[in-house]
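Engineer: One structure, as structure tokens, below. Some questions next.
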Amino acid sequence: MIDKNIRNEIIQLKKEKNVAILAHYYVDGEVQEIADYVGDSYYLAKRAMMIAQENILFCGVVFMGESAKILNPQKKVYMADDSADCPMAHMADIEKIQEVRRKYNDVAVVCYVNSTTEIKAESDVCVTSSNALKIVRALPNKFIYFIPDYNLAHYISKQVPEKKFIFNDGFCHVHKSIHSTDIRAAKQIHPDALVLAHPECTEEVLELADFIGSTSQIIDFVEQSNCSAFIICTEIGIFYDLMQRNTDKRFYSVGHRQFCPNMKKVRIENVLNKLKNLQGDIEITEDLRMAAVKPLDRMLEMTGK
Ligand code: 13P
Ligand code: SF4
């Protein structure tokens, strides 16, 4: 529960400074509680385009704030913590993209939204974990160079055998550190619980999952399920929303590693301090933004906005 004074101060400052707060499911529960909108990366990118306020305060990692800025150049976008960066966003190489383009004629560079603006600018289409399958399936190209995440790429490739995938070796250290042994151990203690996993997990983990989906899709699955217990294989921040919405259901973690240190930098104190001192908004040169907006726009078009 947020301290009452902090809550009131945040509400007051938001109004005074015309700010909307957007938060990802992986940030602290307190931050989710005070946010105007909470969601997965796809929802947040779309939501950012419908914000009436002139300022957006993003509670998540840098690539999320940058996506909001790319799509809304007229707004000022601030990060609650400027150093909250997703390491995977940097795990693709522009020279390698150019090399792949030279080697394959009929290739689409499919860029997971967990990527820098520079990498997006070199790509043909962006995807998130919730729409990657739909988009890859609909692409006319035979070859798919999927960056940066290997695990998501591999998971999608198995469902689209008609496409030839070229893989990249990026990964999310949080999801990669969840092991199948952790899940088997949790299953032994809670044999009736369903295993729900994010597609950034390794293949050995996904093989044990009853459901695989983005953070929002996991939340929707739980709400619609008749089952009352779930083993959750994604970042621990999602437990806040799951427990708020489903007081009659039980949720189990798979160990101490489900913790994204960057998402957890975003604390209620950062939100308050940033609102007090609204400075240092995200800046992207117009040339770079114009190049990066194309794959994001294509994603929105292909998913029906
Ligand atoms: P979602 O697209 O499911 O929100 O996931 C974002 C993310 O950072 C996963 O690690
Ligand atoms: Fe990046 Fe993984 Fe953290 Fe998501 S959970 S922000 S992919 S490091």
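Engineer: By how many nm would the segment from D106 to E9 lengthen if fully extended, with 0.36 nm per residue of separation less the alpha-carbon distance?
Structural biologist: That pair, D106 and E9, stretches by 29.5 nm at full extension.
Engineer: Determine the dipole magnitude for the range 1-129: charges of +1 sit on the beta-carbon of Lys and Arg, -1 on that of Asp and Glu, nothing else is charged, the reference point is the Cα centre, and the result goes in debye to the nearest 20.
Structural biologist: For the range 1-129, the charge dipole is close to 420 debye.
Engineer: Which one of N105, F58, S253 is farthest out on the positive end of the charge dipole of the chain, using unit charges on Cβ (Lys, Arg +1; Asp, Glu -1) and the Cα centre as origin?
Structural biologist: Sorting the options by dipole projection puts first N105.
Engineer: If you don't mind, another one. Check I144: other-chain or 5+ apart residues with amide H under 5 Å from its amide H, H built from backbone geometry?
Structural biologist: A108, K164, F165, I166
Engineer: How long, wide and thick is the chain, going by the Cα atoms along their three principal axes, in whole angstroms, largest first?
Structural biologist: Principal-axis extents of the Cα atoms in the chain, largest first: 58, 54, 30 Å.
Engineer: A further question follows. Around G170, which amide H atoms from residues at least 5 apart in sequence, or from another chain, sit under 5 Å from its own amide H, with H modelled in the peptide plane?
Structural biologist: For G170, whose amide H was placed from the backbone, the distant partners under 5 Å are Y150.
Engineer: In the range 51-158, what is the count of Lys pairs whose alpha carbons are under 30 Å apart, counting only pairs at least 8 residues apart or on separate chains?
Structural biologist: Number of lysine pairs found: 20.
Engineer: Calculate the dipole size of the chain relative to its Cα centre from +1 charges on Lys and Arg beta carbons and -1 charges on Asp and Glu beta carbons; express the result in debye to the nearest 20.
Structural biologist: 380
Engineer: Further, regarding this structure: Using a 1.4 Å probe over the heavy atoms of the protein chains, calculate the carbon and sulfur portion of the accessible area of the range 171-258 as a whole percent.
Structural biologist: Using a 1.4 Å probe with all protein chains present, the range 171-258 comes out at 49 percent carbon and sulfur.
Engineer: Okay, next question. Would you work out the charge dipole size for the range 212-283 about its Cα centre, treating the Cβ of every Lys and Arg as +1 and the Cβ of every Asp and Glu as -1, and quote it to the nearest 20 debye?
Structural biologist: I would put it at about 300 debye.
Engineer: Considering amide H positions built from the backbone, and no H for Pro or chain starts, which residues 5 or more places from F251, or on another chain, come under 5 Å of its amide H?
Structural biologist: When sequence neighbours closer than 5 places are left aside, the close amide H contacts are F230.
Engineer: Stretch D281-K294 to full length: gain in nm at 0.36 nm per residue minus the Cα-Cα span?
Structural biologist: Numbers: separation 13, 0.36 × 13 = 4.68 nm, distance 2.21 nm.
Computed gain between D281 and K294 is 2.5 nm.
Engineer: Further, regarding this structure: If you roll a 1.4 Å probe over the heavy atoms of the protein chains, what accessible area per residue do you get for the chain, in Å²?
Structural biologist: 44
Engineer: Tell me which lysines have Cα within less than 21 Å of K264's Cα, excluding those fewer than 8 residues away on the same chain?
Structural biologist: K176, K274, K276
Engineer: So, one more: Would you mind estimating how fast the range 35-182 diffuses translationally, via Stokes-Einstein at 4 °C and 1.567 mPa s with the Kirkwood radius over Cα pairs, in µm²/s?
Structural biologist: Working: Rh = 16.2 Å.
My calculation gives 80 µm²/s for D.
The values are calculated or read from the model by the stated rules, or taken from the named source; none is laboratory data. Everything numeric in this text was worked out from a predicted model, so none of it was measured. Neighbour counts are summed over all protein chains in view; Cβ atoms, including those assigned to glycine, are modelled from backbone coordinates with ideal geometry. To get the accessible areas, we keep the full protein, side chains included, count just its heavy atoms, and leave off ligands, DNA and RNA. Shrake-Rupley method; radii C 1.70, N 1.55, O 1.52, S 1.80 Å.
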